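Please treat every number below as a calculation from the coordinates, not as lab data. Computed from a predicted model, the values in this text were never measured in an experiment. For neighbour counting, all protein chains shown are included, and Cβ atoms are generated from backbone atoms with ideal geometry for every residue, glycine included.
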């Protein structure tokens, strides 16, 4: 499923530094010529299951997006890393499910296109039960936020340990647990580093990458709602979630060109989660990260020129 070799309407962006708040992240993205953005809605190393979002924060964020020229539907919130909605531990699962619901609530209040989350790990080894627990956590989040355009999106995993969500069938099984009337409010996205690290040889050939995307689309019944464009420090099948700048890791630039020439990359957020040239910036400095700007220019070039 490819498009022609002419210029493509790619929605490229990055998870920008949020020093000074998410409005500053939006301004940095705008100054970097980005059309997409990823942010955290709260500090990602905590559950944040009781943290809301104030209307004035929403207003400032939307004002900054307007200045940046980024449409709200092209913004993705990344959920907290600590959420393990697959765990068999009742107390930890309840906390994770509450945290996911709050993430969905905050993201819906911000009016963004989606909130993505890592499903978590089946620490007892029962993957089927873990997948069912992820579906239940999603159902609770949907029930807690009955209205809104924001989608709740599963992110595929690198497959370390007992994490679930590394295969098309596992992602599809989580989504199959959502009632039909709510299914449109959910979906999934694909991280290139996670695909490669979990054993998908997306750099072997254009046909190999296309087959991976086809497998996810056929299993879930839909195309990805976003892509995370990350190269991999770890080898194919290493299960190592170690991101590198695009073209600088073991995936290599050709695979990114093939991906960007696939029709499924059109119109959805394509987001870098790669190392920053400068990770600590002043609160009032809206200068875009130089490496992000360089990588986005490279991606646009590869989309035009990759054979």
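Total residues in segment 152-172 satisfying the condition of being crowded, with 24+ Cβ neighbours inside 10 Å and free of Cβ contacts under 8 Å to residues at least 40 places away in the same chain: the figure is 1. May I ask you to verify whether residue 303 is without any contact (Cβ under 8 Å) to a residue 24 or more places away in the chain and either in contact with a helix residue (DSSP H, G or I) (Cβ under 9 Å, 6 or more places away or on another chain) or in a loop (DSSP other than H, G, I, E, B) (or both)? Spelling it out, it is not the case that residue 303 is without any contact (Cβ under 8 Å) to a residue 24 or more places away in the chain and either in contact with a helix residue (DSSP H, G or I) (Cβ under 9 Å, 6 or more places away or on another chain) or in a loop (DSSP other than H, G, I, E, B) (or both). Return the residues of segment 179-193 that are more than 17 Å from residue 223 (Cβ to Cβ) and either in contact with a helix residue (DSSP H, G or I) (Cβ under 9 Å, 6 or more places away or on another chain) or surrounded by 23 or more Cβ atoms within 10 Å (Cβ to Cβ) (or both); say none if nothing qualifies. The answer is 179, 182, 193.
For residue 257, state whether it is part of a loop (DSSP other than H, G, I, E, B) and touching a residue at least 40 places away in the same chain (Cβ under 8 Å). So residue 257 fails the test.
Among the conditions (1) under 29 Å from residue 121 (Cβ atoms); (2) in contact with a helix residue (DSSP H, G or I) (Cβ under 8 Å, 6 or more places away or on another chain), residue 94 misses just one, which is (2).
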